[in-house]
Amino acid sequence: MSFVLSDEMLGTFVPILIYWLYSGIYVLLERFENYRFHTRKEEEEKNLVSKKTVVKGVLLQQFTQAVVSIILFNVTGDASGAATDSNASLIVLARQFITAMVALDTWQYFMHRYLHYNKFLYKHIHSQHHRLVVPYAYGALYNHPLEGLLIDTVGGALSFLLSGMSPRTSIYFFSFAIIKAVDDHCGLWLPGNLFQVFFNNNTAYHDVHHQLHGNKYNFSQPFFVVWDKILGTYMPYTLEKREGGGFEARPIKNYMNNKDN
Ligand SMILES: [Zn+2]
Ligand SMILES: [Zn+2]
């Protein structure tokens, strides 16, 4: 029983549960056309994959990652880390969270960018995620299983190990990271959304990446935009009113032209 409810198991399964719960809220909200980046018609026309296939793909992805995580936990860890939580001060927890965020962002930026630059890997692996030209919340983890392992599982393991956080803290960290990933794909610009207030890397930023013209920009995910800015892959955009209601994250064209020249 203790194995079933161990922090390692919760750290594996709570984020999966949260993924579907948080996405479910967005399924209810996506009918509000006035907050959408793309119309429903655009979603139907541009996306190259059905919603049913996306759900199946995400479930396969989550299953694969859960199996690998459990194996990793069993090979590398023990459950004793949980005891350190009660002793950890807020400062220590904040430091662990920030370290894990930086580690995850760094890993994901370089892997994500490489999956775009390497034509073979893009064609056979990462293009699956980009079948969603118009992203929606539960499409966040619609990836090739190998991409999930490479970007999410390895990135998660690195951030966990480098930050020194306990398995219990990791439940909160991985839940936070998954909520952020879902939010970045929600395709809605809602008033009062704290992720959109506090993070420059948000759903508008990632929407630019999902568009065809954004394919070589805005690789940073899921938290910051630092690597894009340092390495010249940052695509600024303006948030405009879309014809017929809603919003549009419009890349600044001069910037695109300069980059292309
Ligand atoms: Zn991409
Ligand atoms: Zn995406």
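Read-outs throughout are calculated quantities, based only on the coordinates presented, and are distinct from any laboratory measurement. Predicted model only: the values in this text are computed from it and were never measured. Note that each Cβ is placed from the backbone with ideal geometry, even for glycine, and that neighbours are counted across all protein chains shown.
Checking the cross-link filter: which aspartates and glutamates have an alpha carbon closer than 14 Å to that of residue 216, excluding same-chain neighbours under 8 positions apart? Partners within reach: 207, 228, 260. Take every Cα pair under 8 Å whose residues are at least 6 apart in sequence, average their separation, divide by the length of segment 157-261, and the relative contact order is 17 percent.
Could you tell me which of rounded, prolate or oblate describes the chain, using a ≥ b ≥ c as the square roots of the eigenvalues of the alpha-carbon gyration tensor, with rounded for a/c under 1.5 and, failing that, prolate when a/b is larger than b/c and oblate otherwise? Prolate shape, in that a/c is at least 1.5 and a/b is the bigger ratio.
Each residue, residue 21 and residue 194, gets one label point 7 Å from its Cα in the Cβ direction; the gap between the two is 1.5 nm.
Could you tell me which of the pairs 180/241; 123/229; 52/180; 56/241; 51/229 are separated by over 29 angstrom between their Cα atoms in the structure shown? Violating the 29 Å limit, Cα to Cα: 56/241; 51/229.
Work out which chymotrypsin sites (Phe, Trp or Tyr not before Pro) in the chain are exposed loop sites (DSSP not H, G, I, E or B, at most 16 other Cβ within 10 Å) and give the longest gap free of them. Write down the numbers at each step before the final one.
On the way: sites that count: 3, 32.
After excluding every exposed loop site, the longest remaining stretch is 33-261.
With semi-axes defined as the square roots of five times the eigenvalues of the C-alpha gyration tensor, the equivalent ellipsoid of segment 147-261 measures 29, 18, 11 Å, largest first. Here the contact order of the chain, divided by its residue count and restricted to Cα pairs under 8 Å and six or more residues apart, works out to 27 percent.
Label point of residue 63 set 7 angstrom out along Cα-Cβ; within segment 125-145, amide nitrogens under 19 Å from it belong to 139-145. Rounded to the nearest 500, the helix-only mean residue ellipticity at 222 nm of the chain stands at -17500 deg cm²/dmol, with each DSSP H run of n ≥ 4 adding -39,500 (n - 2.57). For segment 105-201, the calculated P(r), taken from all Cα-Cα distances in 10 Å bins from zero up to the bin holding the longest distance, is 14, 42, 35, 9, 0 percent. Partners of residue 119 within straight-line reach, counting aspartates and glutamates whose Cα lies under 16 Å from its Cα and excluding those fewer than 8 residues away in the same chain: 147.
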